[in-house]
1. Please go through segment 128-147 and pick out each residue that is part of a loop (DSSP other than H, G, I, E, B), surrounded by fewer than 22 Cβ atoms within 10 Å (Cβ to Cβ) and not β-branched (Val, Ile, Thr).
2. Looking at segment 256-271, is at least one residue of a type in the set (A, V, I, L, M), at pLDDT 85 or above, in contact with a Pro (Cβ under 9 Å, 6 or more places away or on another chain) and open to solvent by 20 Å² or more (accessible area, probe 1.4 Å)?
3. Scan segment 200-209 and give yes if some residue there is modelled with pLDDT of 80 or more, under 19 Å from residue 288 (Cβ atoms), in a helix (DSSP H, G or I) and open to solvent by less than 20 Å² (accessible area, probe 1.4 Å), otherwise no.
4. Among the residues of segment 109-123, what is the count of those that are hydrophobic (A, V, I, L, M, F, W, C), under 15 Å from residue 61 (Cβ atoms) and either modelled with pLDDT under 90 or crowded, with 21+ Cβ neighbours inside 10 Å (or both)?
5. Mind checking which residues of segment 213-244 are among the basic types (Lys, Arg) and within 22 Å of residue 274 (Cα to Cα)?
6. Mind listing just one residue for me: the one in segment 220-255 that is part of a loop (DSSP other than H, G, I, E, B) and closer than 19 Å to residue 178 by Cβ and, of those, least open to solvent (accessible area, probe 1.4 Å)?
7. Give the residue that is farthest from residue 271 (Cα to Cα), with candidates limited to residues of segment 154-202 that are out of contact with any Asp or Glu (no Cβ under 9 Å at 6 or more places or on another chain) and of a type in the set (Asp, Glu).
8. Counting only residues that are under 24 Å from the mean Cα position of the chain (by Cα) and polar (S, T, N, Q), which one in segment 250-294 is nearest to residue 224 (Cα to Cα)?
Amino acid sequence: ALVGENGAGKSTLINIVSGVFPADSGTVELRGEQLTLGNPHDALRRGIAVVHQELTLFGHLTIWENIFAGHEVRGPAGRLRRQRMIRQSEELFKRLGIDLDPGARVQHLSLADQQMVEIAKGLSWDPTILILDEATSALDTTRVERVFETVGRLNEHGASLIFVSHRLREVFAIANQAVVLKDGQVVFLPHPVEFNLTIVLLRHFLAGLLGALRFRQEERAVADMRRRLRIRQTQWHQPVESLSGGNQQKVVLGKWMETGFELLLMDEPTRGIDVETKAEVYRLLRDLSEGGKAILVASTDTTELLGLCDRIYVLYEGRIQRELYGQDLTEYNLTHATMGAASAEAGNA
């Protein structure tokens, strides 16, 4: 996944990798080989395909003509193999789980269907690297899942996927690695633990008109946070990326400890960490709560919610379905409230 706020440099990087822009510096390498990409067609021939959020389709042409534009299947004397391209388009739609007529004009399709044609167009190149640049923004949940299933199968056969999205839920669902850009630079992991723990408190450690950093005061604060959080690192100034997943999560939590917050929002706070680290995070959250801080946890882990929370609100489509606390805070009631929301929706349908 490639993530970052608007203007971070995501599109520029993609345009360099796909041959739209020349790089000012550095190199583009594919499997150890340095590439010289003069234009997007060079990138496509090397197996680098991009599916953009902005559609690049020709509305007056048919679906199959759009899919194979630029790499038409030709027979003897250069004649177009129309039926073969139609069949291959149908095969692509089958892989994506959609039902479209390859002979239909693109201009008559819905925005979501046009986006699916754009994705099929990228897949038609049988890419080694497929870049989805906000390509799921116009799709509903069902279609997003079908796209992910398809690119997942590509990945299993050796292709790589670069997924660009502001939808972090999709990023967590599909990506096994994320790169965060800010101002054209890679940012949460090569920096040391100490830097990450105090970055939001930096103003407290500055002295004088020139803003000199008071290192000893910063070191004392870091030592206190490391002790409270039981962050395990093997050396001073150790990069966060070299820590275990659980210790990385502790660093993320620890940087907010001394900010004087009143409300802490935790979204799936223990996903992917071991049992021992989970217990330590729970202990810290309980200590904060007993110290007067408000903690709001969003989690799909029923056991976690029941063991950690004093009060649970069950939501469905943005509305509270039930409030559970005290003696009502049981696994049965929580499961029943959750399933009840889904059952009610099914009954209304």
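The values are calculated or read from the model by the stated rules, or taken from the named source; none is laboratory data. As the structure is a prediction and not an experimental result, all values here were calculated from the model. Counting neighbours? That spans all protein chains shown, and the Cβs are built from the backbone with ideal geometry, glycine included. Accessible surface is based on the protein model in full, side chains and every heavy atom, while ligands, DNA and RNA are left aside. Shrake-Rupley method; radii C 1.70, N 1.55, O 1.52, S 1.80 Å.
1. At the first step, the residues of segment 128-147 found to be part of a loop (DSSP other than H, G, I, E, B) are 128, 134-140.
Remaining after also requiring surrounded by fewer than 22 Cβ atoms within 10 Å (Cβ to Cβ): 128, 134, 137-140.
Across segment 128-147, the qualifying residues are 134, 137, 138, 139, 140.
2. Kept after step one, since they are of a type in the set (A, V, I, L, M), are these residues of segment 256-271: 257, 263-266.
Next cut, at pLDDT 85 or above only: 263-266.
Within this subset, residues satisfying the condition of being in contact with a Pro (Cβ under 9 Å, 6 or more places away or on another chain) are none.
Looking for residues that are of a type in the set (A, V, I, L, M), at pLDDT 85 or above, in contact with a Pro (Cβ under 9 Å, 6 or more places away or on another chain) and open to solvent by 20 Å² or more (accessible area, probe 1.4 Å), one finds none in segment 256-271, hence no.
3. No, every residue in segment 200-209 fails to be modelled with pLDDT of 80 or more, under 19 Å from residue 288 (Cβ atoms), in a helix (DSSP H, G or I) and open to solvent by less than 20 Å² (accessible area, probe 1.4 Å).
4. Here is the first cut: in segment 109-123, the ones hydrophobic (A, V, I, L, M, F, W, C) are 109, 111-112, 116-117, 119-120, 123.
Now restrict to residues that are under 15 Å from residue 61 (Cβ atoms): 109, 117, 120.
This time we only want the ones that are either modelled with pLDDT under 90 or crowded, with 21+ Cβ neighbours inside 10 Å (or both), so: 117, 120.
The number of residues fulfilling the criteria is 2.
5. Residues satisfying the conditions are 226, 227, 228, 230, 232.
6. 243
7. Among those that are out of contact with any Asp or Glu (no Cβ under 9 Å at 6 or more places or on another chain) and of a type in the set (Asp, Glu), it is 183.
8. Here is the first cut: in segment 250-294, the ones under 24 Å from the mean Cα position of the chain (by Cα) are 250-256, 264-274, 277-278, 281.
Now drop any that are not polar (S, T, N, Q), which leaves 270, 277.
Numbers: 270: 22, 277: 18 Å.
The selected residue is 277.
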